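Undergrad: Next up is a structure, given as structure tokens.
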Amino acid sequence: MATTISPQALAQMRAAGAHFDLIDVRTPAEFEEVHIDFAKNIPLDRLDPPTILASRVSGSGPLYVICQSGMRAGQACKKLVETGLETINIEGGTAAWVAAGLPVVRGHRKVISLERQVRITAGTLVATGTALGYFVNPAWLALSGFVGLGLMFAGITDTCTMAMILSKMSWNQE
């Protein structure tokens, strides 16, 4: 099981000279917008535990994992722990790191986080299905129901197929 650490505690470790590996599992676009200077970007959909084990800089000790808010990092930690790797999830993710006023590298363009993209897409599909069901054919209401079931499944399993699909879109790869 993965443990957690606060952004402040991690920053204090780094300031004290500790050497460790930190991977950021957000999309390349999210990483480019803002990231911790010593983090390595390995998107969740490309996470390959054997490759990570072979490419570790520190060679030993736990692997620290961060994302936007902690959700994707938790999924990455679970996958990595299954291979026997000790992992530590950064509480609250990059959002908490930034909110704590800790140093980051900022890119030149603003991106919409993957979580917001999911909410926008799901809302658009539900509104479209409802409108088409009312104005065109009631069968279109199935679209809204399908999205609702997908969101329910995502909540129960802590995996989101829509997020996985959106993370592969070209605007999230730049």
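Undergrad: For region 92-113, check the following and say yes or no: at least one residue is of a type in the set (Ser, Thr, Tyr), in contact with a Cys (Cβ under 6 Å, 6 or more places away or on another chain) and assigned by TED's automatic domain parsing to the domain that holds Asp48.
TA: No.
Undergrad: Taking region 82-98 as the search range and keeping residues that are of a type in the set (Gly, Ala, Ser) and in contact (Cβ under 8 Å) with a residue 40 or more places away in the chain, which one is nearest to Asp37 (Cα to Cα)?
TA: Per the criteria, the residue is Ala96.
Undergrad: Also: Mind checking whether some residue in region 68-86 is under 26 Å from Glu174 (Cβ atoms), surrounded by fewer than 14 Cβ atoms within 10 Å (Cβ to Cβ) and either of a type outside the set (S, T, N, Q) or outside the structural domain of Asp21 (by TED's automatic domain parsing) (or both)?
TA: Within region 68-86, not a single residue is under 26 Å from Glu174 (Cβ atoms), surrounded by fewer than 14 Cβ atoms within 10 Å (Cβ to Cβ) and either of a type outside the set (S, T, N, Q) or outside the structural domain of Asp21 (by TED's automatic domain parsing) (or both).
Undergrad: Could you tell me whether Leu80 is modelled with pLDDT under 95, in a helix (DSSP H, G or I), farther than 24 Å from Cys160 by Cβ and not basic (Lys, Arg)?
TA: no
Undergrad: Just for region 35-81: of the residues that are free of Cβ contacts under 8 Å to residues at least 24 places away in the same chain and among the charged types (D, E, K, R), which one is farthest from Leu114 (Cα to Cα)?
TA: So the residue we want is Asp48.
Undergrad: Being without any contact (Cβ under 8 Å) to a residue 60 or more places away in the chain, more than 18 Å from Ser69 (Cβ to Cβ) and part of a loop (DSSP other than H, G, I, E, B) is the filter here, so list the residues in region 99-128 that pass it.
TA: His108
Undergrad: Any chance region 22-29 includes a residue that's over 21 Å from Trp171 (Cα atoms) and either in contact with a His (Cβ under 7 Å, 6 or more places away or on another chain) or loosely packed, with under 15 Cβ neighbours inside 10 Å (or both)?
TA: No, region 22-29 contains no residue that is over 21 Å from Trp171 (Cα atoms) and either in contact with a His (Cβ under 7 Å, 6 or more places away or on another chain) or loosely packed, with under 15 Cβ neighbours inside 10 Å (or both).
Undergrad: Residues in region 44-61: is at least one at pLDDT 95 or above, surrounded by 15 or more Cβ atoms within 10 Å (Cβ to Cβ), among the aliphatic types (A, V, I, L, M) and under 26 Å from Thr159 (Cβ atoms)?
TA: No.
Undergrad: Please find, within region 129-167, the residue that is modelled with the highest pLDDT out of those that are outside any helix (DSSP H, G or I) and polar (S, T, N, Q).
TA: Only one residue fits best here, namely Asn137.
Undergrad: Counting only residues that are within 22 Å of Val98 (Cβ to Cβ), give me the helices (runs of 4 or more DSSP H) lying completely in region 1-55 with at least 3 of them.
TA: 7-15, 28-33
The values are calculated or read from the model by the stated rules, or taken from the named source; none is laboratory data. All values derive from a computational prediction rather than experimental measurement. With ideal geometry, Cβ positions are generated from the backbone for all residues, glycine too; neighbour counts draw on all protein chains shown.
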